[in-house]
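What follows is a set of notes on a single structure, which appears directly below.
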Amino acid sequence: MHSSSVLSLSNCSVLKRSHRNQIEKLSFTPLKNLRFCGLRNEILAFEFLKLNRCETQRVRNFLRNKIVSASVAENGNAPTSFDYDLVIIGAGVGGHGAALHAVEKGLKTAIIEGDVIGGTCVNRGCVPSKALLAVSGRMRELKNEHHLKALGIQVSGAGYDRQAVADHANNLASKIRNNLTNSLKALGVDILTGVGTITGPQRVKYGKVGFSGSEVTARDIIIATGSVPFVPRGIEVDGKTVITSDHALKLEFVPEWIAIVGSGYIGLEFSDVYTALGSEVTFIEALDQLMPGFDPEISKLAQRILVNPRKIDYHTGVFATKITPAKDGRPVVIELTDAKTKEVKDTLEVDAALIATGRAPFTNGLGLENINVLTQRGFIPVDERMRVVDADGNLVPHLYCIGDANGKMMLAHAASAQGISVVEQVSGRDHVLNHLSIPAACFTHPEISMVGLTEPQAREKAEKEGFEISIAKTSFKANTKALAENEGEGLAKLIYRPDNGEILGVHIFGMHAADLIHEASNAIALGTSIQDIKFAVHAHPTLSEVLDELFKSAKVTSHDHRPLSESVAV
């Protein structure tokens, strides 16, 4: 046995995992005067113990060729000393989360940003959209006379100031952006302004486009450049009458009639905003049903509550193959083409069109050709540990990609989780993120949330792997707090394995669904079985009891309380 003073080579970020595995088979103790490599303020030094001449020479050659030279043979002209332990390209939510965790781990960190701190989420996405949705929620409450009367409340006609609403969204974005910037500065993260370009192994240049810029070296690099709105061919965006979510969040005007192309998260949330503010909405969806990304049962219920009673109509199974902006008094013209026959089916004339067809990775100009990396539909290929894979299928040493740029899960909090996972790895602790435990939410009124598999996905997995699944459901109509709020419309759905109690998926539609989902997502992340979570205590009366009743209603044949095996990361 070695003494407690022995230091493991797994703490040295210069080493690849394969290198560490080989070295850790050998015995080392600290050697006072031999410097080897550093992580934070640690110095690792070693002395060979009980090795014969052949073994000693083999280890010396391995260290000289694979470690001290920083794998130059594999990496090309990689530097042997570095300006930073970690450089992050992109200061969105993913890059920010990675930077904060890196500082906590003692890594000297820099973050490169060519636009503004906060990225899409803070400036053109999650944050300002929630400000608009807060307004739409209040407007719905104040306009719902039946609801208010049931609570004994009388309110005169509600109205809004469009510019004040837009200012609220903009001010919130500015506040959060300043908070993120100040947090980075306070923790000593260097903010390097400019566009980041990888010039070679462990080298990044940053600066204004068209200028020479400055170059820094880093032991590890994370790409976190995010995404931009995806606009299909044939659609002409003018930023005024044909817009993307970037433009819509500015709320420069509220059209009488707006077409929304796409009925996913973005389209649904904006339909909630526009109808609350008085617009009529027409959805244009390429697939055969609205909200195709949600669990089908949740989609059906959501359509009944979020679409049918409101001033919303829809066309499914059609593409918006051509959209022409309004001009010279003419309306926006939309050409609809049948998704199956590819024949023009109809033409719409509306006041405005919002393109909500998803997002595309922002990976141009990163210098990926300098390290032999080819994107796939714009996405940077990575493995389960977010390590970048080159055109030959090999891992690019010391290079990672997180968030929308890798396409694994295009959510801001997923990017942050991936960034934290990468920092754990470069700090010497292996970590694989289970993406099936990451929740998602749509902030309509009521809200939709989900984690894990949908019912069709779970049934496909069960058939493939040879197990049974069961479904449990609870209604918000049975929840005291929901009834007190007169918000009984809602459903919670659990998809699970009855043989071992594994939670495969949870889907919620109802009041504060986005807040309720985390009990389920944490259970999946920690491998908690239904048998165990049934014993959790929930305050009464609270909405959390919806989940309490959901788990208690599940019928599990096994009564074992053993931790479930770790879920496979996707």
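Of all the residues that make up region 395-409, how many are in contact with a helix residue (DSSP H, G or I) (Cβ under 9 Å, 6 or more places away or on another chain) and outside any strand (DSSP E or B)? Can you show your working first?
Quick first cut of region 395-409, residues in contact with a helix residue (DSSP H, G or I) (Cβ under 9 Å, 6 or more places away or on another chain) only: 396-406, 408-409.
Going one step further and asking which of them are outside any strand (DSSP E or B), we end up with 402-406, 408-409.
The number of residues fulfilling the criteria is 7.
Quickly run through region 360-394 and pick out the residues that are among the hydroxyl-bearing types (Ser, Thr, Tyr) and either in a helix (DSSP H, G or I) or farther than 19 Å from GLY95 by Cα (or both).
Answer for region 360-394, where residues must be among the hydroxyl-bearing types (Ser, Thr, Tyr) and either in a helix (DSSP H, G or I) or farther than 19 Å from GLY95 by Cα (or both): just THR375.
Of the numbered conditions (1) touching a strand residue (DSSP E or B) at 6+ places or on another chain (Cβ under 9 Å); (2) farther than 29 Å from GLN163 by Cα; (3) not aromatic (Phe, Trp, Tyr), LYS340 satisfies every one except a single condition; which is it?
(1)
Test ILE508 against the stated conditions and say whether it is part of a strand (DSSP E or B), open to solvent by less than 30 Å² (accessible area, probe 1.4 Å), more than 27 Å from ASP272 (Cα to Cα) and modelled with pLDDT of 95 or more.
Against the criterion (part of a strand (DSSP E or B), open to solvent by less than 30 Å² (accessible area, probe 1.4 Å), more than 27 Å from ASP272 (Cα to Cα) and modelled with pLDDT of 95 or more), ILE508 does not qualify.
Quick test for you: out of GLU465, GLU519, pick the one residue that is out of contact with any Pro (no Cβ under 9 Å at 6 or more places or on another chain), at pLDDT 95 or above, surrounded by fewer than 17 Cβ atoms within 10 Å (Cβ to Cβ) and over 22 Å from SER299 (Cβ atoms).
Only one candidate qualifies: GLU465.
What number of residues in region 126-184 are touching a residue at least 12 places away in the same chain (Cβ under 8 Å), among the basic types (Lys, Arg) and under 21 Å from HIS96 (Cα atoms)?
Final tally of qualifying residues: 2.
Of all residues in region 416-433, how many are in contact with a helix residue (DSSP H, G or I) (Cβ under 6 Å, 6 or more places away or on another chain) and assigned to a loop (DSSP other than H, G, I, E, B)?
Of the residues in that region, 3 qualify.
Report, by residue number, each residue of region 80-127 that is over 30 Å from HIS247 (Cα atoms) and open to solvent by less than 10 Å² (accessible area, probe 1.4 Å).
LEU86, VAL87, ALA102, THR109, ALA110
Kindly establish whether ILE176 is outside any helix (DSSP H, G or I) and either under 30 Å from ASP390 (Cβ atoms) or modelled with pLDDT of 90 or more (or both).
Against the criterion (outside any helix (DSSP H, G or I) and either under 30 Å from ASP390 (Cβ atoms) or modelled with pLDDT of 90 or more (or both)), ILE176 does not qualify.
Here are CYS401, CYS442: which of them is closer than 20 Å to VAL103 by Cα and surrounded by 21 or more Cβ atoms within 10 Å (Cβ to Cβ)?
On inspection, the qualifying residue turns out to be CYS401.
Got a sec? Which of ASP392, ASP338 is surrounded by fewer than 18 Cβ atoms within 10 Å (Cβ to Cβ) and touching a Lys or Arg at 6+ places or on another chain (Cβ under 7 Å)?
Just one listed residue meets the conditions, ASP338.
The conditions are (1) outside any helix (DSSP H, G or I); (2) loosely packed, with under 15 Cβ neighbours inside 10 Å; (3) modelled with pLDDT of 85 or more, and ARG138 fails exactly one of them. Which is it?
Single failed check for ARG138: (1).
Go through (1) part of a loop (DSSP other than H, G, I, E, B); (2) of a type in the set (Gly, Ala, Ser); (3) under 27 Å from the mean Cα position of the chain (by Cα) one by one and return the number of the condition SER156 breaks.
Status for SER156: all satisfied but (3).
Going by what's in this entry, would ALA320 be described as more than 30 Å from LEU491 (Cβ to Cβ), modelled with pLDDT of 95 or more and either of a type outside the set (Lys, Arg) or open to solvent by less than 30 Å² (accessible area, probe 1.4 Å) (or both)? Steps first, please.
Details: more than 30 Å from LEU491 (Cβ to Cβ): yes; modelled with pLDDT of 95 or more: yes; either of a type outside the set (Lys, Arg) or open to solvent by less than 30 Å² (accessible area, probe 1.4 Å) (or both): yes.
Yes: the conditions hold for ALA320.
Hey, can you tell me all the residues within region 190-220 that are part of a strand (DSSP E or B), open to solvent by 20 Å² or more (accessible area, probe 1.4 Å) and of a type in the set (D, E, K, R)?
Of everything in region 190-220, those that are part of a strand (DSSP E or B), open to solvent by 20 Å² or more (accessible area, probe 1.4 Å) and of a type in the set (D, E, K, R) turn out to be ASP190, ARG203, LYS205, GLU215, ARG219.
Checking LYS464 against (1) assigned to a helix (DSSP H, G or I); (2) in contact (Cβ under 8 Å) with a residue 12 or more places away in the chain: exactly one of these is not met. Which one?
(2)
Can you confirm whether GLY278 is over 19 Å from GLU335 (Cα atoms), of a type in the set (Gly, Ala, Ser), surrounded by 24 or more Cβ atoms within 10 Å (Cβ to Cβ) and touching a residue at least 12 places away in the same chain (Cβ under 8 Å)?
No, not satisfied.
The values are calculated or read from the model by the stated rules, or taken from the named source; none is laboratory data. As the structure is a prediction and not an experimental result, all values here were calculated from the model. Ideal geometry is used to build each Cβ from the backbone, glycine not excepted, and the neighbour counts take in all protein chains shown. Surface areas here come from the heavy atoms of the whole protein model, side chains and all, with no ligands, DNA or RNA. Shrake-Rupley method; radii C 1.70, N 1.55, O 1.52, S 1.80 Å.
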